[in-house]
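Everything on this sheet refers to the single structure shown next.
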Amino acid sequence: MVASYPVPEGFTEIEVFGIGTTLLIEALLGFLLNGLTILSFYKIRDLRTPNNLLIISLAVADTGLCINALVAAFCSFLRYWPYGSEGCQIHGFQGFVAALSSISSCAAIAWDRYHQHCTRSKLHWSTAISVVMFLWGFSAFWSIMPLFGWGEYDYEPLRTCCTLDYSKADKNFISFLFPLAFFEYLIPLFIMMTAYQSIHQKMKKSGQVKFNTSLPIKSLVVCWGPYSLLCFYAIIQDATHLSPKLRMIPAVLAKISPAVNAYVYGLGNESFQGGIWQFLTGQKIEKTDSDNKTK
């Protein structure tokens, strides 16, 4: 390990190396799993459906998070941020766009599955494309605001990656956080909870349980819940009083979401399982009745 730069304050050398290694594993695993999902969609004609476009939107967003994690891992091994203040702003913006688009895509998939299983209405290409464009545009809007002074990007406690600065918790941060959390976390979570609850009741009534309706919600809460709680905690208490190691846990958990999502929505999706198998082996699979039937 390079020894020319000091260990960030509040961490030991083994902790910095451990965080860097964890981020690297998360990034590489996410690249592999989401790459398989994207390539299978591109190569296998049967997978190119409007429903699966929403899953690809999620995979692309999660690939962006993997890029963000890879940069953070590299800088963790260096033990400092080498790209300056402008690089920090770009890194924070890129990670935020990917994160918000990932969460919004999960909600869009839940909305689509509700219509598949409960209303039996078919998703058309025009609607799917419009939904994807809207959620990426809306995520970009919230992500670009800190670059114009509403909210702020700054270094995370390890000082080898950048994100939304919650350390000041001033009026600027509070006025940005509440609408951001409402539109980009609470509303997507509400959509997912109501959609999957309706799907669960429908499947229970018919006696055909086709997939685990609680898994997508649990994965969102586990991966992004701690980060959200940390930001809200910063409003009522000075978050910098928490140890730097404790404040890094939500960031590390959030960056495992690409691999988790790839399993829940891609590898856990029966049509994608067959498509990935066909992509890897060339063996044709029989088409399933549902485009998004999961384990």
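The values are calculated or read from the model by the stated rules, or taken from the named source; none is laboratory data. Everything numeric in this text was worked out from a predicted model, so none of it was measured. Every residue, glycine among them, receives a Cβ derived from its backbone with ideal geometry; neighbour counts consider all protein chains shown. Remember, those area values only see protein heavy atoms, side chains included, never the ligands or the DNA or RNA. Shrake-Rupley method; radii C 1.70, N 1.55, O 1.52, S 1.80 Å.
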Could you please let me know if Gln116 is at pLDDT 95 or above and either within 15 Å of the chain's Cα centre (by Cα) or assigned to a helix (DSSP H, G or I) (or both)? no
Restricting region 158-212 to residues that are in a helix (DSSP H, G or I) and polar (S, T, N, Q), the one modelled with the lowest pLDDT turns out to be Ser206
Filter region 107-135 down to the residues that are among the β-branched types (Val, Ile, Thr) and touching a residue at least 12 places away in the same chain (Cβ under 8 Å) and list them by number. Ile109, Thr127, Ile129, Val131, Val132
Surrounded by fewer than 23 Cβ atoms within 10 Å (Cβ to Cβ) and hydrophobic (A, V, I, L, M, F, W, C): which single residue out of Leu65, Leu47, Leu36 fits that description? Leu36
Residue list for region 145-157, filter: in contact (Cβ under 8 Å) with a residue 24 or more places away in the chain and either among the small types (Gly, Ala, Ser) or in a loop (DSSP other than H, G, I, E, B) (or both): Trp150, Gly151, Glu156, Pro157
Can we say Ser104 is surrounded by 14 or more Cβ atoms within 10 Å (Cβ to Cβ), within 21 Å of the chain's Cα centre (by Cα) and either free of Cβ contacts under 8 Å to residues at least 40 places away in the same chain or more than 25 Å from Thr194 (Cβ to Cβ) (or both)? no
Test Gln273 against the criterion of being outside any loop (DSSP other than H, G, I, E, B), polar (S, T, N, Q) and at pLDDT 90 or above, and give yes or no. no
Kindly check whether there is at least one residue in region 6-18 that is at pLDDT 90 or above, within 21 Å of the chain's Cα centre (by Cα) and either open to solvent by less than 60 Å² (accessible area, probe 1.4 Å) or farther than 30 Å from Trp125 by Cβ (or both). no
